[in-house]
Amino acid sequence: MNNAKANTATEGRDLILKRTFNASPEKVFAAWTGPAILKRWFAPLPWTTTRADLDVRVGGASLIVMRSPEGKEFPGHGVYLEVVKNERLVFTDAFTQAWTLSEKPFMVVELNFEAQAHETRYTARVRHWSVADREAHEKMGFHEAWTTCAEQLAALVE
């Protein structure tokens, strides 16, 4: 297994995670787009993902429900803005489905899966509507949680 660690950064309104996976872009992309596998790694343990409804196409909606160790559920609705199979996913929580606006838009997530030899260079850029939103996401534990999830994802795809 690849011992690469995720590197995180903060730039303006963006939070960034970079990592190299010892797996093909196809495997990493499939882990983001397949509901059964996404449920196995998406929430940082001891949290769990109890539901993953993914209509992976431009304009398609998603619903991902995470459960805290105390049993409280947190639904996350979104819409896919760009889908380039095995290369790029872009989605936002600004919409709950089609053109239905969410109550409070928070972020746009850009995921890039770049093939390098027998590995995938993975970059997750989480763009926030404001610096305050980015700061709130950092305080919620973005760096730790997304790094943990990247490790859980690596354990499945490598």
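Read the figures in this text as sums done on the coordinates, not as results from a lab. Because the structure is predicted, anything quoted here is derived from the model rather than measured. Note that each Cβ is placed from the backbone with ideal geometry, even for glycine, and that neighbours are counted across all protein chains shown.
What is the P(r) of region 5-140, as percent of Cα-Cα pairs per 5 Å bin from 0?
All Cα pairs, binned at 5 Å, distribute as 2, 10, 17, 22, 24, 18, 6, 1, 0 percent.
Would you work out the relative contact order for the chain, in percent, from Cα pairs under 8 angstrom that are 6 or more residues apart?
Across the chain, relative contact order equals 28 percent.
Obtain the nm distance between the two label points defined at GLU26 and LEU101 by a simple spin-label model: each point lies 7 Å from its Cα along the Cα-to-C-beta direction.
My value for the distance between the label points is 4.3 nm.
5 Å is the cut-off here: which amide hydrogens, built 1.01 Å from N in the peptide plane, fall below it relative to PHE106, excluding neighbours closer than 5 in sequence?
Result for PHE106 returns ASP93, ALA94.
Could you estimate the translational diffusion coefficient of region 23-97 from the Stokes-Einstein equation, with Rh from the Kirkwood formula over C-alpha pairs, at 25 °C and 0.890 mPa s, in whole µm²/s?
192
Only four residue types carry charge here, +1 at the Cβ of Lys and Arg and -1 at the Cβ of Asp and Glu. Report the dipole size of region 63-158 about the Cα centre in Debye, rounded to the nearest 20.
Result for region 63-158 is approximately 180 debye, rounded to the nearest 20.
Run lengths n ≥ 4 of DSSP H only: what is the helix-derived mean residue ellipticity at 222 nm for the chain, with -39500 (n - 2.57) per run over all residues, to the nearest 500?
After summing the helix terms and dividing by the residues of the chain, the value is -7500 deg cm²/dmol.
Which trypsin sites (Lys or Arg not before Pro) does region 59-158 hold that lie in a coil by DSSP with at most 15 other beta carbons within 10 Å?
When the trypsin sites (Lys or Arg not before Pro) of region 59-158 are filtered for loop state and at most 15 Cβ neighbours within 10 Å, LYS72, LYS85 remain.
Using alpha carbons only, how many degrees (0 to 90, rounded to 10) separate the axis of helix 142-157 from the longest principal axis of the chain?
That helix lies at roughly 50 degrees to the long axis.
Quick one: what are the phi-derived ³J(HN,Hα) couplings along region 79-96, Karplus 6.51/-1.76/1.60 with θ = phi - 60°, whole Hz, x for glycine and proline?
9, 7, 9, 8, 9, 10, 3, 6, 10, 7, 10, 10, 9, 9, 9, 5, 10, 9
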